[in-house]
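Asker: Once you've had a glance at the structure underneath, I'll fire off some questions.
The values are calculated or read from the model by the stated rules, or taken from the named source; none is laboratory data. Treat the numbers as computed from the prediction; the structure is a model and nothing was measured. Positions of Cβ are generated from backbone atoms using ideal geometry, with glycine treated the same way; all protein chains shown enter the neighbour counts. For accessibility, only protein heavy atoms count, side chains too; no ligands or nucleic acids. Shrake-Rupley method; radii C 1.70, N 1.55, O 1.52, S 1.80 Å.
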Amino acid sequence: MKNVTLKDIARKTGVSIPTVSRVLNNEKFVSAGVKKKVKKAAKELNYEPQWSARSLRLRKTNIIGVIIPDIADYFFSNIVLGVEKYFREKGKDIILFNTSNDEKIEKKAISLAISKRVEGIILATIYENGNKIRSLMESFGIPFVVVDNKIDVENVDFVLADDIEGSFKLVDHLIKVHGLKRIACINAPLYESSDLDKLVGYKKALTENNIVINESYIKSTYRKKDEAYEVTRELLDMTDRPEAIYCVNTNMLIGCLRYLVENNIKVPDDIAIVAFDDCDFIPALNPPITTLQRIDFSMGRRAAEILFKRINGEKSDYKEIRIDSELMMRRSCGCK
């Protein structure tokens, strides 16, 4: 099907191409009658504006880039929902890039987003530090807001979970309320700040309650359910096996629970379970899992608010916002 152009609309209406352009771009100095005639013709011809050409002229696209490591992860997908809802209210659209936890794909995604002339980027990076992407982030003059993982780059806003305090609350609850001391942690590799902070919070709770840290209770997996399944097996095959397991994200939790179910290990009678992330299905489990109150959607929306202000010229000091969340106490830890 042939693309309808301004020339086609001009021919149908009998007005000039510049006048058609002014009407479709909502510019001034066009009579109401001409506006009505041009818009009616555009609708009848099924005219679709060529946003790329228009954006070059207006120096804006109304497009936001969003780059996340795993679209199947409940936490990141809800961050995207928060971002999308906010920008839709502002008349802007998003382009979503899924990097599949691959540094090379992430770097390519940043370059591709910039080539699409996005007005700003919200980035959930998997890099340990900013060295490999710093030049990309600083060279093109568009604002970035980084979520979930802190890296060492300047002139960037951060919106993060308070991972240390959140982990501390979960583990401290197991100790103080339920009297548990042998508490394991299924964590991710420690190259992202969020995973490192979660481990710091776990150890802080043990130390402040005078419990010696047992390194054999700390298992690292690459956020994969099958790996969490295997390390749960390892933990429960120990002679001095743990009384509780803390899972730092939903994938770890799913893998852990699958092993427990398949081996008829009862929660919380045989072992207590807590997890950092909450999501829609958690309260429907039997028993429901004790978690932290979810902040993923609000994190996305907060990042979007900050980016919108930067796009519109805000020059205030760059921010590092940490969002705290409260315990959602359910039966998996032993609460009634």
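Asker: Quick one: which residue in Glu305, Glu314 is assigned to a loop (DSSP other than H, G, I, E, B), open to solvent by 50 Å² or more (accessible area, probe 1.4 Å), acidic (Asp, Glu) and more than 22 Å from Arg258 (Cβ to Cβ)?
Answerer: When all the criteria are applied, what remains is Glu314.
Asker: Still on this structure, I have one more. List pairs: first residue in the stretch 298-326 and of a type in the set (Lys, Arg), second residue buried (at least 20 other Cβ atoms within 10 Å of the Cβ) and part of a loop (DSSP other than H, G, I, E, B) anywhere in the structure, Cβ distance under 7 angstrom, at least six positions apart or on different chains.
Answerer: Within 7 Å, the pairs are Arg310/Pro143.
Asker: Tally time: how many residues in the stretch 81-121 are in a helix (DSSP H, G or I) and either among the basic types (Lys, Arg) or open to solvent by 10 Å² or more (accessible area, probe 1.4 Å) (or both)?
Answerer: 15
Asker: I'd like to check something: does the stretch 200-221 contain any residue that is open to solvent by 40 Å² or more (accessible area, probe 1.4 Å), under 23 Å from Ala161 (Cα atoms), touching a Gly at 6+ places or on another chain (Cβ under 9 Å) and not in a helix (DSSP H, G or I)?
Answerer: No, the stretch 200-221 has no match at all.
Asker: All but one of (1) at pLDDT below 95; (2) open to solvent by less than 60 Å² (accessible area, probe 1.4 Å); (3) within 30 Å of Gly313 (Cβ to Cβ) hold for Val66; which doesn't?
Answerer: Every listed condition holds for Val66 apart from (1).
Asker: Val145 versus (1) under 21 Å from Ile306 (Cβ atoms); (2) out of contact with any Asp or Glu (no Cβ under 7 Å at 6 or more places or on another chain): which is the lone unmet condition?
Answerer: With respect to (1) under 21 Å from Ile306 (Cβ atoms); (2) out of contact with any Asp or Glu (no Cβ under 7 Å at 6 or more places or on another chain), Val145 is out only on (2).
Asker: May I pose another question? So which residues in the stretch 132-172 are among the hydroxyl-bearing types (Ser, Thr, Tyr) and in contact (Cβ under 8 Å) with a residue 60 or more places away in the chain?
Answerer: Ser167, the sole residue that qualifies.
Asker: From the list Ile273, Ile282, exactly one residue is open to solvent by less than 20 Å² (accessible area, probe 1.4 Å) and modelled with pLDDT of 95 or more. Which is it?
Answerer: Ile273 is the lone residue from the list that is open to solvent by less than 20 Å² (accessible area, probe 1.4 Å) and modelled with pLDDT of 95 or more.
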